[in-house]
Amino acid sequence: MSSDSASPSSELSLLFSSQGALAAAIPGYRPRAQQLEMAERIAAALAENRILVAEAGTGTGKTFAYLVPALLNGGKVIVSTGTKTLQDQLYNRDLPTVRAALQAPLKVALLKGRANYVCRHYLERALTDGRFINRQDAAHARAIGRFAKITQSGDKSECAAVPETSPVWHMVTSTRENCLGQDCAHHKNCFLLAARREALGADLVVVNHHLFFADLMLKDEGMAELLPACNAVIFDEAHQLPETASVFFGQSISNSQIVDLAHDARLEGIAHARDCIDLPLVCASLDKAARDLRLAFMLEPARYAMPALSSNDEFNTRLGALEEELRRFEDLLETQAERSEGLENCWHRAGELRHQLRHWREDSDAGEADEPGSAPEADPSPFARIDGHVRWAEAMPRALVLNRTPLSVARIFRKRLLESPRAWIFTSATLAVQRDFSHYLAEMGLGGFDNAESACWDSPFDYPNQALLYAPHGLPDPNSFAFTTAVVEAAFPVIEASGGRAFFLCTSLRAMRRVHELLEEKLRFAGLELPLLLQGEASKNELLDEFRRSGNAILVGSQSFWEGVDVRGAALSLVIIDKLPFAPPDDPVLAARIAKMKEAGINAFIDYQLPRAVINVKQGAGRLIRDERDRGVLMICDPRLTGKPYGRRIWQSLPPMRRTRDLEEVCAFFTAAPPVDTT
């Protein structure tokens, strides 16, 4: 990887200076050397169609560092974010700010997956059918109907009257399978197609990783037309890409898809084939067979590897019965397909789902997505030698998903990079392990490119004075039964010293619930009236709003709160991490990857599991200091941080906080600077 710095740009230097356009347009703007250097490197990569992998610590201002050169680039740019929330924030807040400051007369667009746009056809059907579970759902459907008459975009995030979690959205949006396409009566004024047209004509398009990778494989979300025309792709929160790519470069089929198919066919039959008396019966049988498949497993959500699935006689019997019901359903629909576009669509969907189900059962390579193809540039990484896939199932509360996941995305993604020359920018606050990018480059197939480089910029925050890293003495083995109880015992004096104002981040839902239960008891016994919030009791945004409002709350959470959460000021002054976030070794995908890595001569722990854990720890730790005035303690309770040789690699990858193992020093840290509201 090349590390030569790009030559300074006088235009960028002026723009990012204290006398520049950004300072003039943005209240409180202050120049940061790291931000300017990053912008210059990105500008050079964009100009020369290069690959740049860039880590920028919290507070660097990486969003502006890539938006400014992207808007000045002169070509078409796609910016992909980690979540839809960040996508909306970028499009509605950051992008207008930068565009106004630069006075750039460029056209920008927002594009999401089809499930985010109201479908006029299914909205009309839902309102006509009127079969809602309760009054609230009926009220939500009417509110969406009113929204559809006045909205320009049809984006459900703009419909404030209906929560995004409302089950009605599922009834009034389309899927790739049930979209009627050009046969739809509302084709000409379709919200989704309008969004795609906007994106095609824009200079900069904001998408999200799920949309990007879903379309890369399915060619259905609008990117198939966008990507060939663009000059550059910028991935923000790029640390999420390996996992996202694994999902979409694989294949999956859910019993929920089949339940939805039976539901749609029943409604189409009522509207267009009332005289087909067998159709309601076949729909009911298919629905039952799909739901029965989920009942072959325990009610608790879990993941199952192929050996466990093969030995589960009930699962295999019900899977065979489901395939037979699908065949019967498909045969009947074939006789009714010509009666409406909807029935014809259901017939095609049945055939496709039965085909997918059969290929999953037979482990067929037909239509395999991860064919490496010929690569004119060789990837020297050992990850490039890993191919194949793993079959597994995930039981969710009400669904069962059958998955077929590639063991490595390196060769698949590399092939996409080679398809046409353009700039590719990968940026995040967490990509490197001790400033080493080799793990990320290997996972994403980025090794061996002559036009690739990497760079790392530290946070401008004063971590030695703003933060303390506390690793308590005497905690038991993380796998022991008493570990969670011991963690809460060790953490409670710190919570008392901080006066709440804490995130308690757990690596599993089971540990999260146990921590909440123990904290509830200890707060009651100590007579402390600190608000105790638990992930899942309300939506993520509602919990965060309550956390900020209270100013002294304790929020116990799992994966949802490890990243993408920004609480500035004194309201969050303590982050507690129970364990180092290693993925469970019995996870079907991880177990298969480890086995394949051993075959390829790769040390799976050092080269894969440890780097992933480091990046996750960095994400969790990143919740603490979000502003140059923040102060706080990061408490990591896992004794492996100090007791194992690899623990050093973990804490040395964190920001340069002062370290301690002394509880009194932690209490003194909070006493030295009482909470001051800086929000």
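The values are calculated or read from the model by the stated rules, or taken from the named source; none is laboratory data. Here the structure is a predicted model, which is why all the values come from computation and not from measurement. No Cβ is skipped: glycine too gets one built from the backbone with ideal geometry, and neighbour counts run over all protein chains shown. Heavy atoms of the whole protein, side chains included, go into the accessibility calculation; ligands, DNA and RNA do not. Shrake-Rupley method; radii C 1.70, N 1.55, O 1.52, S 1.80 Å.
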Do we have Leu475 as surrounded by fewer than 19 Cβ atoms within 10 Å (Cβ to Cβ) and at pLDDT 95 or above here?
no
Keeping to segment 543-561, report how many residues are open to solvent by 10 Å² or more (accessible area, probe 1.4 Å) and either among the aromatic types (Phe, Trp, Tyr) or over 24 Å from Thr81 (Cβ atoms) (or both).
5
In the set Ala214, Ala262, which member is out of contact with any Leu (no Cβ under 7 Å at 6 or more places or on another chain), among the small types (Gly, Ala, Ser) and assigned to a helix (DSSP H, G or I)?
Ala214
Among the numbered criteria (1) open to solvent by 10 Å² or more (accessible area, probe 1.4 Å); (2) assigned to a helix (DSSP H, G or I), which one does Phe297 miss?
(2)
Looking only at segment 314-366, how many residues end up being out of contact with any Ser or Thr (no Cβ under 8 Å at 6 or more places or on another chain) and open to solvent by 40 Å² or more (accessible area, probe 1.4 Å)?
24
Residue check, Gly28 against (1) touching a residue at least 12 places away in the same chain (Cβ under 8 Å); (2) at positive phi, all met but one. Which one?
(1)
Just to be sure I understand, how many residues within segment 591-619 are in a loop (DSSP other than H, G, I, E, B) and either touching a strand residue (DSSP E or B) at 6+ places or on another chain (Cβ under 6 Å) or β-branched (Val, Ile, Thr) (or both)?
1
Residues that are of a type in the set (A, V, I, L, M, F, W, C), buried (at least 20 other Cβ atoms within 10 Å of the Cβ) and either without any contact (Cβ under 8 Å) to a residue 12 or more places away in the chain or farther than 21 Å from Asp477 by Cβ (or both): does segment 634-651 have at least one?
yes
State all residues of segment 63-94 that are under 21 Å from Leu14 (Cβ atoms) and surrounded by fewer than 24 Cβ atoms within 10 Å (Cβ to Cβ); if no residue qualifies, say none.
Thr63, Phe64, Leu71, Leu72, Asn73, Gly74, Asp94
Only listed residue being free of Cβ contacts under 8 Å to residues at least 24 places away in the same chain and crowded, with 16+ Cβ neighbours inside 10 Å, chosen from Ala101, Ala109, Ala138:
Ala138
Quickly run through segment 300-313 and pick out the residues that are open to solvent by 40 Å² or more (accessible area, probe 1.4 Å) and either in a strand (DSSP E or B) or closer than 25 Å to Leu261 by Cα (or both).
Pro301, Arg303
Please verify whether Pro493 is touching a residue at least 40 places away in the same chain (Cβ under 8 Å), out of contact with any strand residue (DSSP E or B) (no Cβ under 9 Å at 6 or more places or on another chain), of a type outside the set (Val, Ile, Thr) and crowded, with 16+ Cβ neighbours inside 10 Å, treating the condition exactly as stated.
no
One residue is enough: does segment 173-196 have a residue meeting the conditions outside any helix (DSSP H, G or I), over 25 Å from Ala262 (Cβ atoms), of a type in the set (S, T, N, Q) and under 25 Å from the mean Cα position of the chain (by Cα)?
no
Collect the residues in segment 575-606 that are more than 23 Å from the chain's Cα centre (by Cα) and within 30 Å of Tyr470 (Cβ to Cβ), keeping them in residue-number order.
Phe605, Ile606
Filter segment 533-549 for residues that are under 16 Å from Phe504 (Cα atoms) and either outside any helix (DSSP H, G or I) or not charged (D, E, K, R) (or both) and give the result.
Leu533, Leu534, Gln535, Gly536, Glu537, Leu543, Leu544, Phe547
Phe503 fails exactly one of (1) open to solvent by less than 50 Å² (accessible area, probe 1.4 Å); (2) farther than 28 Å from Thr660 by Cβ; (3) touching a residue at least 24 places away in the same chain (Cβ under 8 Å), namely (2)
I need every pair where a residue in segment 335-364 that is outside any helix (DSSP H, G or I) has its Cβ under 7 Å from the Cβ of a residue that is open to solvent by less than 60 Å² (accessible area, probe 1.4 Å) and of a type in the set (D, E, K, R), sequence separation at least 6 or different chains.
Ser340/Glu268; Asp363/Arg391
